[in-house]
Amino acid sequence: MNPAYIKLLQCFDSIKERIPFKPKVALILGSGLGDYGDTMDIVSTIPYKDIAGFPQSTVQGHKGQFIFGYVGIVPVVCMQGRVHYYEGYPITDVVLPVRLMKLMGAEVLFLTNAAGGVNTKYSAGDLMLISDHICMIPNPLMGENISEFGPRFPDMSDTYDRALRDIIKEQAEQMGIVMQEGVYVQFSGPSYETPAEVRMARALGGDAVGMSTAVEAVAANHMGMHICGISCITNMAAGVQTSPLDHAEVQETADRVAATFSKVVTASIIAIADAIN
Ligand code: HPA
């Protein structure tokens, strides 16, 4: 058996008694966006440090716990803080949390992140619905296939589910919230991109750059989950904005758009859960 699968089953075993319900939606909160978790109708939490073998999130501003709670009447498992490749974990560990949420029963993966704007029509503070991605780091499905989850060569033609994107757009439109839509490019980090890398991302068709998300979508797609994602453009990418990039700016912008972000996420989760029933 694939060692990553054995580890995953051990993680699941170590917490299965503490999982209060079968979540419908798995929500991953990106840098600066973690506070959304506290607005849910919380039933219980499981700190990552309580989970045997679970990769720990080391990033400032990432709380490091699963929250089980309701958004409206929708049972949701939410990751307050994710694991990144740049933290030094093997790529299979980076996607272990996503696989764990699938084992809990989640059908939908709702991804969020902070990202740098590559498309010059964007501004810091914009929300971008992810239409597709380009992944510049190793594929998380490398190694022996976990056939219990999915095929060796999964199709990636409609990774960010068109139906889910339409629902999110409709919800945003109804609330008068303008959303961009574009391609997310995942670099490894932790250094921000160089201006030349940002120009490369743009030439390749990218609209935003970040250090997460694409690999999680790859793993979730392998397992047959419905996937959607929203990037919070916390800054314009290197070379597009003239000032240096820093993590504090990411947090500040995320705070500024928190209320809008929260409205879109809540309405979308409720509408998506309704639609996939
Ligand atoms: N690049 C990569 N990751 C990011 C950025 C960026 O400009 N902003 C927030 N996360």
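Points worth noting:
- Computed lengthening from Met175 to Glu252, 0.36 nm per intervening residue step minus Cα-Cα distance: 25.4 nm
- Treating r as the C-beta distance of Gln241 and Arg162 and R0 as 30 Å, the FRET efficiency rounds to 0.40.
- FRET efficiency, 1/(1 + (r/R0)^6) with R0 45 Å, evaluated for Thr194 and Asp274 via beta carbons: 0.55
- Residue with peak Gaussian network fluctuation, the chain [Cα springs, cutoff 10 Å], from Arg18, Arg82, Arg162: Arg18
- Protection proxy ranking for 197-209, 164-176, using the average of other Cβ atoms within 10 Å per residue and placing the highest first: 197-209, 164-176.
- Listed residues Gly125, Gly224, Gly81, most fluctuating in the chain (Gaussian network, C-alpha, under 10 Å): Gly224
- Extension gain for Arg152 to Asp50 (0.36 nm times residue separation, less C-alpha to C-alpha distance): 33.5 nm.
- Based on alpha carbons, the Rg and Dmax found for the stretch 3-275 are 17.2, 51 Å.
- Probe 1.4 Å, protein heavy atoms only - accessible area per residue of the chain in square angstrom: 41
- Listed by chain and number, the lysines placed with their C-alpha closer than 28 angstrom to that of Lys7 are Lys16, Lys22, Lys24, Lys49, Lys63, Lys102; residues fewer than eight positions away on the same chain are left out.
- Carbon + sulfur, % of accessible area of the chain - ligands and nucleic acids excluded, 1.4 Å: 52
- Cα gyration tensor category, rounded, prolate or oblate, for the stretch 142-277 with a/c compared to 1.5: oblate
- Gaussian network model of the chain, Cα within-10 Å springs - most flexible of Pro47, Pro20, Pro244: Pro244
- Helix content alone sets the calculated 222 nm mean residue ellipticity of the chain: runs of n ≥ 4 DSSP H residues at -39500 (n - 2.57) each, divided across all residues, give -9500 deg cm²/dmol.
- Simple label model, 7 Å out from Cα along Cβ direction - Ala203 to Arg18, nm: 4.9
- Whole-angstrom gap from the stretch 35-93 to the stretch 195-233, using each part's C-alpha centre: 20
The values are calculated or read from the model by the stated rules, or taken from the named source; none is laboratory data. Given the structure is predicted, the values throughout are model-derived calculations rather than measurements. In this analysis, Cβ positions are derived from the backbone assuming ideal geometry, glycine residues included, and neighbour counts consider all displayed protein chains. The protein model used for the area step is the full one, side chains on, heavy atoms only, and it has no ligands, DNA or RNA in it. Shrake-Rupley method; radii C 1.70, N 1.55, O 1.52, S 1.80 Å.
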